Amino acid sequence: MNRRPGPLAQPFEARAHKPGHRSEVNPYRDTIVDFGRELIPTERARERNGRWSEEFGRNAPITLELGVGNGSWLAEAARVHPNQDFIGLEIRYKRCVQAAEKLRDHASANGRVVRWSWFELTSLFAPGELGGLVIHHPDPWSSPSKAKHRLIRPEFLSEAAILVAAGGELRLKTDFLPHRDALLAGLPGTPWRLVGTSDDVLGSGAPWPDDIVTGYQNKFNRAGLPVYAAWLHR
Ligand SMILES: C[S@@+](CC[C@H](N)C(=O)[O-])C[C@H]1O[C@@H](n2cnc3c(N)ncnc32)[C@H](O)[C@@H]1O
């Protein structure tokens with residue numbers, strides 16, 4: 001789990017590698033550096049701000065997934081939507097590599113994983129550069145005293161509206177109802193409008209037509225616990 005940095009925090013690159021992340025301790029740290037096309041290391045990410053279409057060599061809608069986990073959604077989305085491009089952010093070295101390996105296994109030229117924090121989106125994307133934003137099971141930080149570390153805060157939708165072009169979408173699936181409540185509470189005064197919700201994605205379906213089950217979603221499905229969803233357009 002990643003804490004929300006304070007207002008005086010250094011840029012992500014400066015704090016991305018903690019001393020305990022030495023390559024002897026975490027071999028994935030080195031794997032990231034020269035993995036190949038599918039995985040963009042932290043140090044080479046910011047230069048792509050405003051130039052992501054050059055990265056993919058075309059002008060196609062770009063969907064950003066925040067916190068890809070093992071990358072099962074990202075790789076499958078890239079595979080079934082070859083006319084769109086997909087970028088996944090992930091903070092943990094091993095998960096970055098797992099997700100990039102899945103993209104490589106599918107030979108998907110339209111997917112990238114970036115080791116980057118979801119709290120620093122405007123340093124990675126220009127206004128309107130994204131066609132969509134998807135969020136699957138963000139860490140709950142369920143204790144009220146830790147709520148300040150949650151991804152979905154009151155100002156989140158305004159920030160997201162800067163990055164996602166008019167006509168774009170935002171999809172959320174979560175096992176933690178306060179995340180969806182916070183998203184819906186943040187709607188007034190933003191360019192976002194609610195298209196649909198689900199209180200049980202497994203039982204009643206997702207609000208969108210083409211749901212792809214994520215690694216965490218599978219865990220909640222197997223445990224018989226509900227997964228909540230919300231679909232917004234702007
Ligand atoms: C509960 S997991 C969900 C993974 C995946 N979305 C799924 O549904 O299977 C949350 C993921 O978000 C990542 N994460 C946490 N804080 C993050 C941050 N600040 N920036 C990017 N990823 C982050 C975690 O490392 C973890 O892989």
Can you work out which of the residues in the stretch 17-41 that are at pLDDT below 80 and part of a loop (DSSP other than H, G, I, E, B) is farthest from HIS137 (Cα to Cα)?
GLU24
Scanning the stretch 121-140 for residues that are modelled with pLDDT of 95 or more and within 12 Å of the ligand (Cβ to nearest atom), which turns out nearest to LEU8 (Cα to Cα)?
LEU121
Long-range neighbours under 6 Å by Cβ, at least six apart or interchain, first residue in a strand (DSSP E or B) within the stretch 57-70, second among the small types (Gly, Ala, Ser) and within 11 Å of the ligand (Cβ to nearest atom):
GLU65/GLY88
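Could you check the stretch 71-88 and list, in sequence order, the residues that are surrounded by fewer than 24 Cβ atoms within 10 Å (Cβ to Cβ) and outside any loop (DSSP other than H, G, I, E, B)?
First pass over the stretch 71-88, keeping only residues surrounded by fewer than 24 Cβ atoms within 10 Å (Cβ to Cβ): 72, 76-77, 79-84.
Residues satisfying the conditions are SER72, GLU76, ALA77, ARG79, VAL80.
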Please find, among ALA223, ALA185, ALA165, the residue that is of a type outside the set (Val, Ile, Thr) and closer than 23 Å to ALA77 by Cα.
ALA165
On the basis of being crowded, with 16+ Cβ neighbours inside 10 Å, out of contact with any Cys (no Cβ under 6 Å at 6 or more places or on another chain) and touching a residue at least 12 places away in the same chain (Cβ under 8 Å), does LEU232 make the cut?
yes
Residue, surrounded by the fewest Cβ atoms within 10 Å (Cβ to Cβ), within the stretch 141-181, restricted to residues that are more than 16 Å from the ligand (Cβ to nearest atom) and hydrophobic (A, V, I, L, M, F, W, C):
ALA166
More than 10 Å from the ligand (Cβ to nearest atom), more than 14 Å from the chain's Cα centre (by Cα) and more than 19 Å from PHE119 (Cβ to Cβ) - does that describe any residue in the stretch 62-72?
no
Cβ-Cβ distance below 6 Å, separation of 6 or more or different chains: which pairs start in the stretch 72-90 with a residue that is of a type in the set (Gly, Ala, Ser) and end on one that is more than 12 Å from the ligand (Cβ to nearest atom) and in a strand (DSSP E or B)?
ALA77/PHE86; ALA78/PHE86; ALA78/GLY111
Looking only at the stretch 199-232, which residues are more than 29 Å from PRO188 (Cβ to Cβ) and away from the ligand (no atom under 15 Å from the Cβ)?
GLY203, GLY224
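The values are calculated or read from the model by the stated rules, or taken from the named source; none is laboratory data. Everything numeric here is computed off the predicted structure, so don't read it as measured data. Positions of Cβ are backbone-derived with ideal geometry, glycine not excepted, and every protein chain shown enters the neighbour counts.
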